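The values are calculated or read from the model by the stated rules, or taken from the named source; none is laboratory data. From a predicted model like this one, the values you see are computed outputs, not experimental measurements. Backbone-built Cβ (ideal geometry, glycine too); neighbour counts: all protein chains shown.
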Amino acid sequence: MINRKMLKQAQELQSRILKAQEEIARLTVEASAGGGAVTVVMTGQPRVQEVRISPEAAADPEVLPDLIVAAVNEALTKAQELTSKHLGSLGIPGM
C-alpha cells in the first residue's frame, strides 16, 4: 500500500517540476557568433525565438551558415544549462 505521506510528497514534487518548466519556458538565453554578426535568442524549452543577422554577415553567403550554426549551438548549450540549473534546484539527483 502506498504511504499517504509519500504520495503527498510526490504530488508536491510534480507541482514544483511543472512550475519550474513553466518558468523555464518564459526565460530566454542569447548567443552570438562572429563577434555579434549572428545572434540567436532561444527559450529554455528550447525554441528559437529570434535570429538577428547583421548586413555584413548576410553579404557573405559562404560564412553565414557556419555563423548561424555556431550561434544556435551556443544558444542550445545555454538553454540546457538554464534548464539543468532550474530543475537541479528542486533537489532531485541527476536533474
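Values computed for the structure shown
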read-out: Among residues of segment 70-89, those that are surrounded by 15 or more Cβ atoms within 10 Å (Cβ to Cβ) and within 16 Å of A20 (Cα to Cα), counted; value: 5
read-out: Evaluation of I92 against (1) in a helix (DSSP H, G or I); (2) of a type in the set (V, I, T); (3) modelled with pLDDT under 95; (4) surrounded by fewer than 17 Cβ atoms within 10 Å (Cβ to Cβ) (one fails), failing number; value: (1)
read-out: Condition check for L67: in contact (Cβ under 8 Å) with a residue 24 or more places away in the chain, hydrophobic (A, V, I, L, M, F, W, C), surrounded by 10 or more Cβ atoms within 10 Å (Cβ to Cβ) and touching a helix residue (DSSP H, G or I) at 6+ places or on another chain (Cβ under 7 Å); value: yes
read-out: Scan of segment 59-83 for residues that are of a type in the set (A, V, I, L, M, F, W, C) and outside any helix (DSSP H, G or I), ordered by number; value: A59, V63
read-out: Residues of segment 35-48 classified as at pLDDT 95 or above and either of a type outside the set (G, A, S) or under 14 Å from N73 (Cα atoms) (or both), total; value: 6
